[in-house]
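Q: Below is the structure I would like to discuss, written out as structure tokens.
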Amino acid sequence: MYTLNEWWKTPLGLYLLAREQAFYDSAVADVFGYNAVQLEMPQADLLRMSRMPRHFHAGIRGSDLCCDPRALPFENASVDLLVLPHVLEFSAHPHQVLREAERVLVPDGRLIISGFNPWSLWGIERRLRRRRGYPWHGNFISLPRLKDWLALLSLDIDAGRQTCYVPPSQQPHWLWRFRFMEDAGDRWWPVGGGVYFLQAVKRVRSMRPITPSWQMARVPQRLVVTTDRISLGDHRKTQQK
């Protein structure tokens with residue numbers, strides 16, 4: 001069994017880390033704003049390609065801010081980009097983490113999530129290992145369930161991708177031998193990747209006034225409505241005359 005830090009240094013952990021880093025490098029490069037925050041996963045700088053002037057690494061293992069992802073130390077609507085790499089499946093309260101994410105994001109702010117897919121070879125490995133050691137002890141969250149949670153918070157998904165179609169082996173030669181499955185999986189089994197990425201945007205729904213169901217009574221034609229207005233100063237002058 002591996003601890004979190006030990007697992008990311010294994011052949012399989014390094015394989016996943018390289019693929020996640022490549023995805024985040026591309027995903028964050030075109031997101032604009034001022035404040036970008038990465039929660040957890042200190043093994044990688046997933047904001048290194050972000051053009052935003054301020055980057056923060058927060059979380060229980062955060063290098064800049066040590067905090068609980070369920071109670072972020074940021075003001076409402078203050079974060080332009082928030083990335084959650086494998087945060088939800090290792091939280092006892094993933095719903096609260098998402099609520100906090102929605103709270104701190106600015107309108108049209110971007111949320112990027114990566115998670116382990118239970119409907120994959122990696123998910124099968126988790127069931128066989130009976131949740132022993134990292135990352136198999138996590139509560140892998142399915143994509144349909146995660147999409148429902150995001151929809152309830154008005155976080156609209158605008159992009160997604162999967163990766164790590166290879167069997168989760170710790171033998172480098174097997175990872176190399178099965179590397180062809182990455183391209184084949186994207187084409188033939190797009191929902192079977194061991195890891196998924198979702199990008200969502202915070203939408204603020206505008207309020208629409210409720211109009212009465214009854215119709216306004218017609219104004220008699222003999223009534224003339226004028227648009228001329230008299231100021232209080234002009235009215236007082238007329239009375240003095």
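The values are calculated or read from the model by the stated rules, or taken from the named source; none is laboratory data. Since the structure is predicted, the reported quantities are computational estimates derived from the model, not experimental observations. Quick reminder, even Gly has a Cβ in these numbers, built from the backbone with ideal geometry, and neighbours come from all protein chains shown.
Q: Just for the range 98-138: of the residues that are within 29 Å of Asn35 (Cα to Cα) and among the aliphatic types (A, V, I, L, M), which one is surrounded by the fewest Cβ atoms within 10 Å (Cβ to Cβ)?
A: It comes out as Val106.
Q: Given the conditions (1) surrounded by fewer than 21 Cβ atoms within 10 Å (Cβ to Cβ); (2) under 20 Å from Phe197 (Cα atoms); (3) of a type in the set (A, V, I, L, M, F, W, C), which single one is not true for Ala77?
A: Failed condition: (2).
Q: Given Arg99, Arg48, which one is over 18 Å from Phe116 (Cβ atoms) and in a helix (DSSP H, G or I)?
A: Criteria check complete, one pass: Arg99.
Q: Has the range 57-73 got at least one residue that is assigned to a helix (DSSP H, G or I), of a type in the set (Gly, Ala, Ser), in contact (Cβ under 8 Å) with a residue 12 or more places away in the chain and within 20 Å of Lys202 (Cβ to Cβ)?
A: Looking through the range 57-73, none of the residues is assigned to a helix (DSSP H, G or I), of a type in the set (Gly, Ala, Ser), in contact (Cβ under 8 Å) with a residue 12 or more places away in the chain and within 20 Å of Lys202 (Cβ to Cβ).
Q: Which of the residues that make up the range 140-161 are modelled with pLDDT of 95 or more, outside any helix (DSSP H, G or I) and not small (Gly, Ala, Ser)?
A: Phe140, Ile141, Leu153, Leu155, Asp156, Ile157
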